[in-house]
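Student: Below is one structure. I have some questions about it.
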Amino acid sequence: MERIHEISDTDCDIDYINAVAYKKNITDGMPRSSEGVLKDLSDVLERYQKVMRRRSFEITKSIGDLTWEEEALRQVWNCYQSLSGDEYEIVTRLYVRGELYEEVQQTFPYSSRKFESVRRSALRKIVKRYRQQQKKFHGEIDKSRKKRM
């Protein structure tokens, strides 16, 4: 048990190892199954370490995914903030504040067609600026890779 405490200090990990080790005790003296169920404490520790490596990998991947999403959102937000005038106001009220389309439309002196045109133009500008940033970012990465070679 002292070796178990060396591996981890968390109660959750100790509980997991104890649960797996307890299952091992129930099967002592019984033949191994055809699936090759591992029974001794070193096998329990090996399985535990394998599970912990898998969990660590999954957490690391999730953190990477979240970091990428956060950066993408930050870039979209910056593109949105670069809008001006009615485009900025319309996008802010519709997508940031969540106001109803009809209510926002009624506060502008535009026809329905013109209002929609301004809204679409604003969204296209955000997308265009975002893509330009992505292209610039990937171009900088390519340049730094070439310098290393």
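The values are calculated or read from the model by the stated rules, or taken from the named source; none is laboratory data. All figures in this text were calculated on a predicted structure; none of them were measured in a lab. Reconstructed Cβ throughout: ideal geometry from the backbone, glycine too, with neighbour counts over all protein chains shown. Side chains are part of the model used for accessible areas, which takes the heavy atoms of the whole protein and leaves out ligands, DNA and RNA. Shrake-Rupley method; radii C 1.70, N 1.55, O 1.52, S 1.80 Å.
Student: For the stretch 113-130, how many residues are exposed (fewer than 14 other Cβ atoms within 10 Å of the Cβ) and either assigned to a loop (DSSP other than H, G, I, E, B) or aliphatic (A, V, I, L, M) (or both)?
Tutor: Of the residues in the stretch 113-130, 1 are exposed (fewer than 14 other Cβ atoms within 10 Å of the Cβ) and either assigned to a loop (DSSP other than H, G, I, E, B) or aliphatic (A, V, I, L, M) (or both).
Student: Within the stretch 88-115, restricting attention to residues that are within 35 Å of the chain's Cα centre (by Cα) and among the charged types (D, E, K, R), which residue is nearest to I126 (Cα to Cα)?
Tutor: Restricting to residues being within 35 Å of the chain's Cα centre (by Cα) and among the charged types (D, E, K, R), the top hit is E89.
Student: Give the number of residues within the stretch 79-112 that are open to solvent by 60 Å² or more (accessible area, probe 1.4 Å), free of Cβ contacts under 8 Å to residues at least 24 places away in the same chain and not in a loop (DSSP other than H, G, I, E, B).
Tutor: So the count comes out to 9.
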